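Participant: Quick one: the structure is below, and I'll ask about it shortly.
The values are calculated or read from the model by the stated rules, or taken from the named source; none is laboratory data. Here the structure is a predicted model, which means the values were calculated and not measured. Here the Cβ is made from the backbone with ideal geometry for all residues, glycine too, and neighbour counts use every protein chain on show.
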Amino acid sequence: MNRHILVTGGAGYIGSHICKSLARAGYVPVTLDNLCNGNPWSVRWGPMVKADIADPFTLAEMIGQYRIESVVHCAAYAYVGESMRDPGKYFENNVARSIRMLETLIENGVRQLVFSSSCAVYGIPEELPIRENVPTRPVNPYGESKLFIEKALDWYARARGLRSVSLRYFNAAGADPGGEIGEWHDPETHLIPLAISAALGEREQFEIFGTDYPTPDGTAVRDYSHVSDLADAHVLAVQRLESGGANDIFNLGAGAGHSVQDIVAAIERVCRVRVQAKVGVRRSGDPAVLYASPERARSVLGWRPVHSDLETIIRSAFDWQLQCRDDKGLRYSRD
Ligand code: UFG
């Protein structure tokens, strides 16, 4: 078995945690990242090449040099709101460049791929918890771009022998329990880091996007999973492909719904802080309630989330933000 795994987007938030999980399982993650959103400081468990996924020469060279047989494909734009304003950017990067990458992988003998997909493929779900076989009807170009690649992967399996596992993430949150890496987006748009930074006084206020949803407290409900648990599922997916597994799709979510108010209350309780929250209007494209049935990931992949209770997620996110605030070197080392 070849121990080198190519990870596109390995310098990103989820990608870097995947690299750490792969390394713990005995693989050497080889990162390919153009650093448009990634952070070089988060690449710590293997080499990195700065290049685009659609650069066939670099990709072919990496596959040859490291004798790559499996790829974890995370590189993508992932801002839902931005995708509503600029769909072309998402279709060009997440779809067109991914297809060019798939062609290069196949031409160079790669036949196994784990794909970072999203619960955004479901749109407004017809039933809860969401199982993998419910209809997929994305309500934003980001979700559409992920669904397109899932579908393309089905055809690539039939026509070109590329086997894949698509992992539909629900809300990735928290930070590496060892404190080595964590969430760092610019701009930051995610609930937990924004609410924590408001509590730490780094921003004046935090806004709750809508209190008129048909949910018990009126705020939107999501399924928050610890990023290290999500990362571990990629190791299981790689191993499944290595042992001959066929194309498959799994939800990765802890299986519990928490409202925005629940999250704010949990931050205040766990971190002993006060979150100044202002009520705002709904954010366009946000479904009211999303939470997964992680049953297939449990029974077929053997995935067992161990860090995804709300307290552990929030504590690790909070510790990470404190560390970033104190560690100026980390901040200034960003490209
Ligand atoms: N929210 C606020 N205030 C904020 C930020 C978020 O109230 O300042 C709310 C959102 O409206 C939403 C919830 O908190 O109800 C979670 O929002 P995030 O932005 O943290 O996460 P999303 O659910 O919007 O996004 C996640 C992934 C995306 C994926 C999407 C699918 O990060 O990649 O789920 O719905 F596409």
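Matching residues to (1) at pLDDT 95 or above; (2) under 26 Å from residue 16 (Cβ atoms); (3) touching a helix residue (DSSP H, G or I) at 6+ places or on another chain (Cβ under 7 Å):
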{"site": "114", "(1), (2), (3)": "yes, yes, yes"}
{"site": "126", "(1), (2), (3)": "no, no, no"}
{"site": "133", "(1), (2), (3)": "yes, no, no"}
{"site": "141", "(1), (2), (3)": "yes, yes, yes"}
{"site": "147", "(1), (2), (3)": "yes, yes, yes"}
{"site": "167", "(1), (2), (3)": "yes, yes, yes"}
{"site": "176", "(1), (2), (3)": "yes, yes, yes"}
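Participant: Okay, next question. Which one of the conditions (1) touching a Leu at 6+ places or on another chain (Cβ under 7 Å); (2) closer than 28 Å to residue 187 by Cβ; (3) not in a loop (DSSP other than H, G, I, E, B) does residue 95 fail to meet, given that it meets all the rest?
Facilitator: (1)
Participant: Let me ask you something else. Does any residue of region 253-267 turn out to be of a type outside the set (S, T, N, Q), buried (at least 23 other Cβ atoms within 10 Å of the Cβ) and under 30 Å from residue 3 (Cα atoms)? First the steps, then the outcome.
Facilitator: Within region 253-267, the subset of a type outside the set (S, T, N, Q) is 253-258, 260, 262-267.
Then keep just the ones that are buried (at least 23 other Cβ atoms within 10 Å of the Cβ); that gives 253-254, 260, 263, 267.
Still in the list and also under 30 Å from residue 3 (Cα atoms): 253-254.
Yes, because at least one residue in region 253-267 is of a type outside the set (S, T, N, Q), buried (at least 23 other Cβ atoms within 10 Å of the Cβ) and under 30 Å from residue 3 (Cα atoms).
Participant: Looking at (1) out of contact with any Pro (no Cβ under 9 Å at 6 or more places or on another chain); (2) surrounded by 21 or more Cβ atoms within 10 Å (Cβ to Cβ), which is the one condition that is false for residue 25?
Facilitator: Every listed condition holds for residue 25 apart from (2).
Participant: Which condition does residue 180 not pass, out of (1) more than 11 Å from the ligand (Cβ to nearest atom); (2) in the same structural domain as residue 60 (by TED's automatic domain parsing); (3) of a type outside the set (Phe, Trp, Tyr), if it passes all the others?
Facilitator: Only one criterion in (1) more than 11 Å from the ligand (Cβ to nearest atom); (2) in the same structural domain as residue 60 (by TED's automatic domain parsing); (3) of a type outside the set (Phe, Trp, Tyr) is unmet by residue 180, namely (2).
Participant: What are the pairs, 6+ residues apart or on separate chains, where a residue within region 183-211 that is among the β-branched types (Val, Ile, Thr) has its Cβ under 9 Å from a residue that is at pLDDT below 90 and assigned to a loop (DSSP other than H, G, I, E, B)?
Facilitator: 196/202
Participant: Also, quick follow-up: In region 260-294, what residues are in a loop (DSSP other than H, G, I, E, B), of a type outside the set (Gly, Ala, Ser) and in contact (Cβ under 8 Å) with a residue 24 or more places away in the chain? Working first, answer last.
Facilitator: Quick first cut of region 260-294, residues in a loop (DSSP other than H, G, I, E, B) only: 272-276, 281-288, 290-291, 293-294.
Add one more test, that the residue is of a type outside the set (Gly, Ala, Ser), and what stays is 272-276, 281-283, 286-287, 290-291, 294.
Residues satisfying the conditions are 273, 274, 275, 276, 281, 282, 283, 286, 287, 290, 291, 294.
Participant: Let me ask another. How many of the residues in region 207-230 are within 11 Å of the ligand (Cβ to nearest atom), over 23 Å from residue 251 (Cβ atoms) and of a type outside the set (A, V, I, L, M)?
Facilitator: So the answer is 4.
Participant: When you go through 202, 150 one by one, which is the residue that is more than 19 Å from residue 285 (Cβ to Cβ), out of contact with any His (no Cβ under 9 Å at 6 or more places or on another chain), within 15 Å of the ligand (Cβ to nearest atom) and in a loop (DSSP other than H, G, I, E, B)?
Facilitator: Just a single option satisfies the conditions, and that option is 202.
Participant: Name the single residue that is nearest to residue 286 (Cα to Cα) among those in region 184-196 being modelled with pLDDT under 95 and more than 10 Å from the ligand (Cβ to nearest atom).
Facilitator: Of region 184-196, the ones modelled with pLDDT under 95 are 184-189.
Retained after the next criterion (residues that are more than 10 Å from the ligand (Cβ to nearest atom)): 184, 186-187.
Values: 184: 22, 186: 20, 187: 18 Å.
Among residues in region 184-196 that are modelled with pLDDT under 95 and more than 10 Å from the ligand (Cβ to nearest atom), the one nearest to residue 286 (Cα to Cα) is 187.
Participant: Restricting attention to region 163-174, does a residue exist that is surrounded by 18 or more Cβ atoms within 10 Å (Cβ to Cβ), touching a residue at least 40 places away in the same chain (Cβ under 8 Å), assigned to a helix (DSSP H, G or I) and not assigned by TED's automatic domain parsing to the domain that holds residue 261?
Facilitator: First pass over region 163-174, keeping only residues surrounded by 18 or more Cβ atoms within 10 Å (Cβ to Cβ): 163-174.
After this cut, where a residue has to be touching a residue at least 40 places away in the same chain (Cβ under 8 Å) as well, the list is 163-174.
Still in the running and assigned to a helix (DSSP H, G or I): none.
The answer is no; no qualifying residue exists.
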